[in-house]
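Read through the structure below, which is laid out as structure tokens, and then see the notes.
The values are calculated or read from the model by the stated rules, or taken from the named source; none is laboratory data. Keep in mind the model is a prediction, meaning the values are calculated, not measured. Please note: Cβ atoms are built from the backbone with ideal geometry, for glycine as well, and neighbour counts cover all protein chains shown. Calculation scope for accessible area: heavy atoms of the full protein, side chains included, ligands and nucleic acids excluded. Shrake-Rupley method; radii C 1.70, N 1.55, O 1.52, S 1.80 Å.
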Amino acid sequence: MGLVDSINWMAVAFYVLAAHIVVSALLVVCVRNIVHSVLWLAVCFVAMAGLFLTLDADFLAAVQVMVYAGAVCIMVVFGIMLIRRSDMGHSNLFNGQTKIAGGVVALVIVLCGALSARTQWLLSPNEVPAETVDNIATLLLSKYVIPFEVAALLLLVALIGAIILAKEVTVDATDSER
């Protein structure tokens, strides 16, 4: 039995993806250019989708890539570009609340560690149903089709409203003479 056979590749994939998520999340917060920050956010979302794939959650991975890495990041970049700031490279400035934020982060880490230590972990994972995506699609497009369409319509109205609010108002010469 060689070294390659004895390596648990799922554990290696988990640790590589987890490190990738942590580094890209730190870059989201620390990069000064807000457009680059959004790009690192997309990288973080794609790495999360990879983590879902290691858990055999194919549907969640696809939704993570399409909704978060695709739509959310594009909407954020769209909103940034509608603002049209001249100093876009320096628009993600730091503030004076670093100590408070550090304390909150430390508290969350301690709380997560305490809850993880008290959790009864399963020794053998439960079997994932084979046709998860088929079941979700059937429910989404039959029983929950009305809420699905209402959510899509509300998102469309919000997008149109954001475009109208962000549109630059120009004053015509005829309006100023009145």
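What to note about this one:
- The combined condition, being under 23 Å from residue 134 (Cα atoms), in contact with a helix residue (DSSP H, G or I) (Cβ under 9 Å, 6 or more places away or on another chain), open to solvent by 50 Å² or more (accessible area, probe 1.4 Å) and in a helix (DSSP H, G or I), is not fulfilled by residue 39.
- Cβ-Cβ contacts under 7 Å between residues 6 or more apart (or on different chains), taken from a first residue in the range 64-77 that is not assigned by TED's automatic domain parsing to the domain that holds residue 155 to a second residue that is surrounded by fewer than 17 Cβ atoms within 10 Å (Cβ to Cβ), are listed as 77/35.
- Number of the condition not met by residue 56 [criteria: (1) modelled with pLDDT of 85 or more; (2) within 16 Å of residue 136 (Cβ to Cβ)]: (1)
- Pairs with Cβ under 8 Å, 6+ apart, first in the range 133-162 and assigned by TED's automatic domain parsing to the domain that holds residue 82 and within 20 Å of residue 61 (Cα to Cα), second open to solvent by 60 Å² or more (accessible area, probe 1.4 Å) and assigned to a loop (DSSP other than H, G, I, E, B): none
- The residues listed here are 82, 51, 26; of these, the one that is surrounded by fewer than 16 Cβ atoms within 10 Å (Cβ to Cβ), among the hydrophobic types (A, V, I, L, M, F, W, C), at pLDDT 85 or above and part of a helix (DSSP H, G or I) is 26.
- The lone exception for residue 77 - which of (1) open to solvent by 100 Å² or more (accessible area, probe 1.4 Å); (2) at pLDDT below 85 it fails: (1)
- Filter result for residue 152 (modelled with pLDDT of 85 or more, assigned to a helix (DSSP H, G or I) and either open to solvent by 90 Å² or more (accessible area, probe 1.4 Å) or within 30 Å of residue 80 (Cα to Cα) (or both)): yes
- Test: residue in the range 100-122 that is modelled with pLDDT under 75 and either assigned to a helix (DSSP H, G or I) or more than 24 Å from the chain's Cα centre (by Cα) (or both): yes
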